[in-house]
1. Please calculate the 1.4 Å probe accessible area of Ile114, with all protein chains present, and give it to the nearest 10 Å².
2. With a 1.4 Å probe and all protein chains kept in place, how much accessible area does Val22 have, in Å² rounded to the nearest 10?
3. Probe radius 1.4 Å, ligands and nucleic acids left out: which of Leu60, Leu113 has the largest accessible area, and how do the rest follow?
4. Quick one: 3J(HN,Hα) in Hz for region 29-43, Karplus 6.51/-1.76/1.60 with θ = phi - 60°, rounded, Gly and Pro as x.
5. Over 19 Å between Cα atoms: which of Lys70/Lys108; Lys38/Lys103; Lys38/Lys70 fall into that group?
Amino acid sequence: MGKTTVKVQVGMPIALHEQFIVYKETERIGTDSEAGAKLIELALRVINNSSDETITNRDLLELILLNVNKNLLFSQQVLKHCFDLEHAKENHIEWYKLSKEMKKQAEKQTDSLISKE
């Protein structure tokens, strides 16, 4: 038995639409409908499960994204070191600077959100 669905049409600024397209392509999602449903589901989960009134949902999502990016950079660095030693030697300083910058940014935003309490 198939799911019953409701169609929702949403207007958005061009810049937001461009980000939406990048998300859809990055996640390899086939249709706008599926991508939109996934994003709406995520947003509603965050909103419905948010019990901390001191942190806005946007702040929380930005912090999560920052930490995901930090973890992605770390994972990429580990993979490069494990499987491509020459590439790691050539790009070590660049990786270090980038990962250090992401770590500082994540720590700064975390401290900023905690200090709001």
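1. Rounded to the nearest 10, that gives 100 Å².
2. Using a 1.4 Å probe on the heavy atoms, I get roughly 90 Å².
3. Numbers: Leu60 60, Leu113 15 Å².
The most accessible residue leads, giving Leu60, Leu113.
4. Ordered by residue, 3J(HN,Hα) equals 9, x, 10, 4, 4, 5, 5, x, 4, 5, 5, 5, 4, 4, 4 Hz.
5. Details: Lys70/Lys108 13 Å; Lys38/Lys103 28 Å; Lys38/Lys70 22 Å.
Checking Cα-Cα distances, Lys38/Lys103; Lys38/Lys70 exceed 19 Å.
The values are calculated or read from the model by the stated rules, or taken from the named source; none is laboratory data. All values derive from a computational prediction rather than experimental measurement. Accessible surface is based on the protein model in full, side chains and every heavy atom, while ligands, DNA and RNA are left aside. Shrake-Rupley method; radii C 1.70, N 1.55, O 1.52, S 1.80 Å.
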